[in-house]
Amino acid sequence: MKNPQLEKGYEPVQVEEDLYRFWIEQKLFQAEVEAEGPTFSMVIPPPNVTGTLHMGHALNTTLQDILWRYHKMKGHNVLWLPGTDHAGIATQNVVERMLAQEGVDRHQLGREKFIEKVWEWREKFGGIIINQLKRMGAACDWSRERFTFDEGLSKAVREVFVRLYQEGLIYRGDYIINWCPRCLTALSDLEVEHEAQEGNLFHIRYPLVSGQGAVIVATTRPETMLGDTAVAVHPEDKRYQGLAGQEVHLPLTQRRIPIIADTYVDTSFGTGALKVTPAHDVNDFEIGKRHDLAVLKVIGPEALMNEEAGVYQGLDRKACRQKVLEDLNALGLLEKVEKYTHNIGHCYRCKTMIEPYLSKQWFVRVAPLAEKALKAVENGQTRIYPKTWERTYFDWMNNIRDWCISRQIWWGHQIPAWYCDQCGEVIVDRTAPSSCPACKGKDLRQETDVLDTWFSSALWPFSTLGWPEETRELKVYYPTSVLVTGFDILFFWVARMMMMGLHFMGQVPFHHVYIHALVRDAEGQKMSKSKGNVIDPLLIIDRYGTDAFRFTLSALAAQGRDIKLSEERIEGYRHFVNKLWNAARFSLSHFEDLTEDSSLTPTVEDTINTWIISRMQRVIENVENGIREYRFNESAHELYQFVWHEFCDWYLEFIKPVLYQKEDGREKQVTRMTLFRVLSAVLKLAHPFMPFISEKIYQSLPGERVSILKASFPDRTRFPANEKAEKEIEFIKGLISEIRNIRGEMNIPPAKNVEICLRVSEAAQRALVETHAPHLLILAKGSGITFLGPEKNPASAVSGVWEEMEIFIPLKGVIQFDEEEKRLEKELVKLRKERAQIDNKLSNEDFRQKAPADVVEKEKEKLRSLAQKTEKLEGHLGRIKELMAKS
RNA sequence: AGGCACGUAGCUCAGGGGGAGAGCGCUACCCUGACACGGUAGAGGUCAAGGGUUCAAGACCCUUCGUGCCUACCA
């Protein structure tokens, strides 16, 4: 079929499904390593396998897809590599919950069986989010989809671990870490969410052993006192001079603990005396190390008090606090209770209160890695957009602490370390050793801990391309061009990829990092399931179509600002999709038998076509710049503005009379060809933002067309700029608008044709008007045009001025003089105000001397024009007043 | 406690030193043969406040006031 007609209404759902399948079948998303042209590569931020598409993914995917489609059409060697993250704790939790419904506990299954279950789960549900990304139109190369826990990536993980260990950048040791008593695992600092909570500051009396009074300590966690092994005061605190070295009785226990002096203590906080619990507080642990204090654990992994807690054994930390307080009170040792708000850490997965917990864990020594990652951003090897995030990145890199990478869960990369039970040797290797290299013993146990999920994510940009093999992919696509992500994982992920990429590849993992906004609800609240304010992207797609949704996200994606999304907004942009569809339908109805003919270019006299071609050039430039600079909203806005308010509102209206001509003359041929060229360019410009509708229309254009993705992005040099045409059309548009304004204000019925009387100031203007008379008559509803001489004014008319041209519209009898008087006066007030401003400016000596000449000249010109207009309108007003006096 | 944003039309927000903008909403008139998911016209702003730089500031600098967010081991 040569010119398939488009249906009356655009039906997104069916079109989207068909076209997406078509793109896949045509293998249009597949990267070809050996393809020509500059490369453009991206790796997707791998969503959690447990996830379902939320607004953040939708935005993230849209922006990457825009970039990909743009570069694809630019003819570049493109790759967009997709995949998912095994999401250790999150996935384990999901599967555990599922098993719990069947009444099964993972410990009953055992580690191996449980992991099998998780893989089964992944087979079944792991593809959900991938399919949802497809509904967004994502042009990922699905043939290269990866999983952070697949075989290749696991190999990369082991390789990295072994190398870092050998370089002394991974170590194992006893430290206080963040412990989740529900997940029963260590968490990194980043995995802890801090939240301000109202609590109490308890003042507790610790009697001195000497019997000479007591020290009062202040604490928010009285239950930990059972594990106290010292009380610390500041060495220079006058209140406690001479106490250091003495001992106190630790209430509720039989123990005596020393008073020590340490400068860590803040004399202005609480009582200035600090109870020290090395096993249950990070700072206390440090103090303990400095003073060689005993370390006494009183809380177990499940946050229950252990045997060291004496009578409190078995109580959970909360119940224990109650009991301890009661007992202290009974003894008269609870001095005071103050209200106190402080931050409490919670597990980012299950929200359980974190317990600082002393245990043996694996760590990455990040300082040396961070140094390189810091420099790479400082010297611009990687640029972060918007730039303001660089500072945040620097701050964090400068204050980075070692990264706890071991997790006491089952789902994840098991740490490749083995312990020899005979001699205590620790062996770290790529594969399981058969015997201990130290004692030849065969009794080896593998470390049961697994690695933090983010450990494997940190390798994503190179592990997905085949590392540690030296693949062609790595050569061609690494470093990737840009990483598009939200700021919430700047530290979790971006910073760590920087460190690992630089360390193992010797090059940054990406040239650009584009940090996009967070999508919030219409009230600016973060969307979350618990708040119930989540807008489901898939619902939106069903309701409005992917293109409308994507365009909305793009239009709102201003740098550095969060997006407040409301459905009305999406509805508004759906209207735009509809507008484009209808403009295309109209255009297509005039493309019958059209064959491309390069000789059919508009002549200079053909201002309408020359104008739209000229405008097209600017639009291409602006849309392209927007994409290049990650100012997607500007591209979207430019497109919207042009398509709706220039192409549809003016160009299509201007050319209708020509298109409706009976005979197929050259003017009509050129116009049809120009319309075709402009529409084609518009579709290509729109494609990255609205992939489906643009492809659908494109495939309906005359000629052999496989896919818009095989077309090249519009080349602006093929749309010559023409300033003269632009000025001329601006003049005509303005004249038409002025007449419409008069009509509208004076309530002339839209259907009524009126005589347009003009008094021109120069011959050139008259020629212009004559050339465009047909447009004037149609678009301003004129019955005819009369040129007036200098002497004669229509007896009874409403009037206006445009570019020194006086406009009169004679109205027989019906004219309401008072209305016209009001209108003219209002206009004059505005003009005088404007004039006063410019007068003011121009009378400023400094302005005339220091401002650039062209600016001054422009102001002078403005003033001249305003003066003219004012004078003419004043004349019109005077005449109206005369007429009013007569009647 | 530090850091980072943001206060512009009724609402949501663009605005990169030289005449205050968009979308939605609102008002009036129109079903004109692509589109009523539409057309034409209109109303609506001391650009948070104060100071500074500049011939020129919504934009750049400082202060204040409000609002968000991020980071942090003050018990």
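The values are calculated or read from the model by the stated rules, or taken from the named source; none is laboratory data. Predicted model, so just to flag it, every value in this text is computed and none were measured. Positions of Cβ are backbone-derived with ideal geometry, glycine not excepted, and every protein chain shown enters the neighbour counts.
From A:Arg743, A:Arg672, A:Arg716, which residue is surrounded by 17 or more Cβ atoms within 10 Å (Cβ to Cβ) and within 30 Å of A:Gln30 (Cβ to Cβ)?
On the way: A:Arg743 fails: within 30 Å of A:Gln30 (Cβ to Cβ); A:Arg672 fails: within 30 Å of A:Gln30 (Cβ to Cβ).
Exactly one residue qualifies, and that residue is A:Arg716.
Just for strands (runs of 3 or more DSSP E) wholly inside the stretch A:372-490: which have at least 1 residues that are among the acidic types (Asp, Glu) and touching a residue at least 24 places away in the same chain (Cβ under 8 Å)?
Here the list is empty.
Could you list all residues from the stretch A:50-62 that are farther than 26 Å from A:Phe149 by Cβ and surrounded by fewer than 23 Cβ atoms within 10 Å (Cβ to Cβ)?
Answer for the stretch A:50-62, where residues must be farther than 26 Å from A:Phe149 by Cβ and surrounded by fewer than 23 Cβ atoms within 10 Å (Cβ to Cβ): just A:Met55.
Keeping to the stretch A:177-213, report how many residues are within 16 Å of RNA strand B (Cβ to nearest atom) and under 26 Å from A:Ser268 (Cα atoms). Walk me through it before giving the result.
Here is the first cut: in the stretch A:177-213, the ones within 16 Å of RNA strand B (Cβ to nearest atom) are A:177-180, A:186-206.
Checking which are under 26 Å from A:Ser268 (Cα atoms) leaves us with A:194-206.
The number of residues fulfilling the criteria is 13.
One residue is enough: does the stretch A:364-375 have a residue meeting the conditions over 27 Å from the mean Cα position of the chain (by Cα), away from RNA strand B (no atom under 14 Å from the Cβ), at pLDDT 90 or above and under 17 Å from A:Tyr175 (Cβ atoms)?
Yes, some residue in the stretch A:364-375 is over 27 Å from the mean Cα position of the chain (by Cα), away from RNA strand B (no atom under 14 Å from the Cβ), at pLDDT 90 or above and under 17 Å from A:Tyr175 (Cβ atoms).
Residues A:Ala139, A:Ala156: which one is modelled with pLDDT of 95 or more, assigned to a loop (DSSP other than H, G, I, E, B) and not polar (S, T, N, Q)? Please lay out each step first, then the result.
On the way: A:Ala156 fails: assigned to a loop (DSSP other than H, G, I, E, B).
Answer to the selection: A:Ala139.
Filter the stretch A:724-734 down to the residues that are buried (at least 16 other Cβ atoms within 10 Å of the Cβ) and within 13 Å of RNA strand B (Cβ to nearest atom) and list them by number.
Listed by number, the residues that qualify are A:Phe731, A:Ile732, A:Lys733.
So which pairs qualify, if the first residue must be in the stretch A:352-366 and in contact (Cβ under 8 Å) with a residue 40 or more places away in the chain and surrounded by 19 or more Cβ atoms within 10 Å (Cβ to Cβ), the second must be basic (Lys, Arg) and assigned to a strand (DSSP E or B), the Cβ gap must be under 6 Å, and the two must be at least 6 apart or on different chains?
Correct list of pairs: A:Trp362/A:Arg172.
Quick check on this structure: which one of A:Pro702, A:Pro714 is within 18 Å of A:His590 (Cα to Cα), outside any helix (DSSP H, G or I) and touching a Leu at 6+ places or on another chain (Cβ under 8 Å)?
After ruling out the rest, the residue left standing is A:Pro702.
When both residues are 6+ apart or on different chains and their Cβ atoms are under 6 Å apart, which pairs have a first residue that lies in the stretch A:697-712 and is at pLDDT below 95, and a second that is among the polar types (S, T, N, Q) and surrounded by 14 or more Cβ atoms within 10 Å (Cβ to Cβ)?
Listed pairs, sorted by first residue: A:Pro702/A:Asn3; A:Arg705/A:Gln699.
If you go through the stretch A:625-667 one residue at a time, how many are more than 9 Å from RNA strand B (Cβ to nearest atom) and basic (Lys, Arg)?
Number of matching residues: 3.
In this structure, does A:Ser737 turn out to be part of a loop (DSSP other than H, G, I, E, B) and either away from RNA strand B (no atom under 16 Å from the Cβ) or farther than 16 Å from A:Pro810 by Cβ (or both)?
The answer is no for A:Ser737.
For the stretch A:675-689, state whether one or more residues are buried (at least 20 other Cβ atoms within 10 Å of the Cβ), more than 30 Å from A:Val78 (Cα to Cα) and not aromatic (Phe, Trp, Tyr).
yes
Whether any residue in the stretch A:871-883 is within 50 Å of the chain's Cα centre (by Cα) and away from RNA strand B (no atom under 11 Å from the Cβ) is what I want to check. Break it down stepwise before answering.
Of all residues in the stretch A:871-883, those within 50 Å of the chain's Cα centre (by Cα) come to none.
Within the stretch A:871-883 (the criterion being within 50 Å of the chain's Cα centre (by Cα) and away from RNA strand B (no atom under 11 Å from the Cβ)), the answer is no, since none of the residues qualifies.
Inspect all residues belonging to the stretch A:85-108 and state whether any of them is modelled with pLDDT of 90 or more and within 25 Å of A:Ile66 (Cα to Cα).
Checked against the condition, which is being modelled with pLDDT of 90 or more and within 25 Å of A:Ile66 (Cα to Cα), the stretch A:85-108 yields at least one hit.
Within the group A:Val282, A:Val231, A:Val276, which residue is within 12 Å of RNA strand B (Cβ to nearest atom), surrounded by fewer than 17 Cβ atoms within 10 Å (Cβ to Cβ) and closer than 22 Å to A:Arg321 by Cβ? Reasoning before the result, please.
On the way: A:Val231 fails: surrounded by fewer than 17 Cβ atoms within 10 Å (Cβ to Cβ); A:Val276 fails: surrounded by fewer than 17 Cβ atoms within 10 Å (Cβ to Cβ).
Answer to the selection: A:Val282.
Would you check which residues across the stretch A:616-628 are under 16 Å from the mean Cα position of the chain (by Cα) and without any contact (Cβ under 8 Å) to a residue 24 or more places away in the chain and list them? Write out each step before concluding.
So the first thing to find is which residues in the stretch A:616-628 are under 16 Å from the mean Cα position of the chain (by Cα), and the list is A:626-628.
Answer for the stretch A:616-628, where residues must be under 16 Å from the mean Cα position of the chain (by Cα) and without any contact (Cβ under 8 Å) to a residue 24 or more places away in the chain: A:Gly626, A:Arg628.
Failed condition for A:Thr786, given (1) part of a strand (DSSP E or B); (2) surrounded by 16 or more Cβ atoms within 10 Å (Cβ to Cβ), with all others met?
(2)
Which numbered condition in (1) more than 19 Å from A:Thr870 (Cα to Cα); (2) touching a Pro at 6+ places or on another chain (Cβ under 6 Å); (3) without any contact (Cβ under 8 Å) to a residue 60 or more places away in the chain is the only one that A:Pro774 fails?
Tallying (1) more than 19 Å from A:Thr870 (Cα to Cα); (2) touching a Pro at 6+ places or on another chain (Cβ under 6 Å); (3) without any contact (Cβ under 8 Å) to a residue 60 or more places away in the chain, A:Pro774 fails exactly one: (3).
Exactly one condition in (1) of a type in the set (S, T, N, Q); (2) more than 8 Å from RNA strand B (Cβ to nearest atom); (3) within 27 Å of A:Tyr175 (Cβ to Cβ) is not met by A:Thr219; state its number.
Only one criterion is unmet by A:Thr219, namely (2).
Checking the condition in contact with a helix residue (DSSP H, G or I) (Cβ under 8 Å, 6 or more places away or on another chain), of a type in the set (Lys, Arg) and within 16 Å of RNA strand B (Cβ to nearest atom), which residue from A:Arg401, A:Arg407 passes?
Testing whether each residue is in contact with a helix residue (DSSP H, G or I) (Cβ under 8 Å, 6 or more places away or on another chain), of a type in the set (Lys, Arg) and within 16 Å of RNA strand B (Cβ to nearest atom) leaves just A:Arg401.
Away from RNA strand B (no atom under 13 Å from the Cβ), of a type in the set (D, E, K, R) and within 49 Å of the chain's Cα centre (by Cα) - does that describe any residue in the stretch A:768-783?
Among the residues of the stretch A:768-783, not one is away from RNA strand B (no atom under 13 Å from the Cβ), of a type in the set (D, E, K, R) and within 49 Å of the chain's Cα centre (by Cα), which makes the answer no.
Report yes if A:Lys872 is in a loop (DSSP other than H, G, I, E, B) and either touching a residue at least 12 places away in the same chain (Cβ under 8 Å) or basic (Lys, Arg) (or both), otherwise no.
Numbers: in a loop (DSSP other than H, G, I, E, B): no; either touching a residue at least 12 places away in the same chain (Cβ under 8 Å) or basic (Lys, Arg) (or both): yes.
No; evaluated as a whole, the condition is false for this residue.
Which of the residues spanning the stretch A:833-859 are within 9 Å of RNA strand B (Cβ to nearest atom) and aliphatic (A, V, I, L, M)?
Matches in the stretch A:833-859: A:Ile838, A:Ala851, A:Val855, A:Val856.
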